[in-house]
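So the structure is just underneath, and the comments pick up after that.
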Amino acid sequence: QLQVAESGGGLVQPGGSLRLSCAASGLTLDRFGISWFRQAPGRQRELVATMARGGNQKYADSVKGRFTVSRDNGKDTVYLQMNAMKPEDTAVYYCNAQMSTLNYWGQGTQVTVSS
């Protein structure tokens, strides 16, 4: 079965850091553009960060300078490093892998920023 899965969510204090991971089974992530989305309660899902297959990165204004996307092709894993976290970063975070018409979503991992 082809799928991606997120891990690494949890509870963190404001100003703290977390690193999310996106791993795949049945597909090779380095062939895909990878995006991280998040959805807070009562809000629409929003794009947080994107890493194109060639490595080009884009970030939402709300996370620029704080979040970083990276790949480890040896581990076939994509990461979202989140620093200087804020309560408004609280959401379920999703990994999306896309190549042409192929589009895979993970089930999400909860991130809560609270003291």
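The values are calculated or read from the model by the stated rules, or taken from the named source; none is laboratory data. As the structure is a prediction and not an experimental result, all values here were calculated from the model. Note that each Cβ is placed from the backbone with ideal geometry, even for glycine, and that neighbours are counted across all protein chains shown. With ligands, DNA and RNA removed, areas are computed over all heavy atoms of the protein, side chains included. Shrake-Rupley method; radii C 1.70, N 1.55, O 1.52, S 1.80 Å.
So K75 passes all but one of these: (1) at pLDDT 95 or above; (2) closer than 22 Å to Y104 by Cβ; (3) of a type outside the set (V, I, T). Which condition number does it fail?
The failed condition is (1).
Anything in region 79-96 that is over 12 Å from F37 (Cβ atoms) and either touching a residue at least 60 places away in the same chain (Cβ under 8 Å) or buried (at least 20 other Cβ atoms within 10 Å of the Cβ) (or both)? List them, or say none.
Y79, Q81, M82, N83, A84, M85, K86, P87, D89
Cβ-Cβ under 8 Å, sequence separation 6+ or interchain: first residue in region 37-48 and more than 14 Å from G106 (Cα to Cα), partner acidic (D, E) and not in a strand (DSSP E or B). Which pairs?
Cβ pairs passing all conditions: A40/E88.
Among the residues of region 97-115, how many are assigned to a strand (DSSP E or B) and either open to solvent by less than 50 Å² (accessible area, probe 1.4 Å) or farther than 13 Å from R53 by Cα (or both)?
Total satisfying the criteria: 10.
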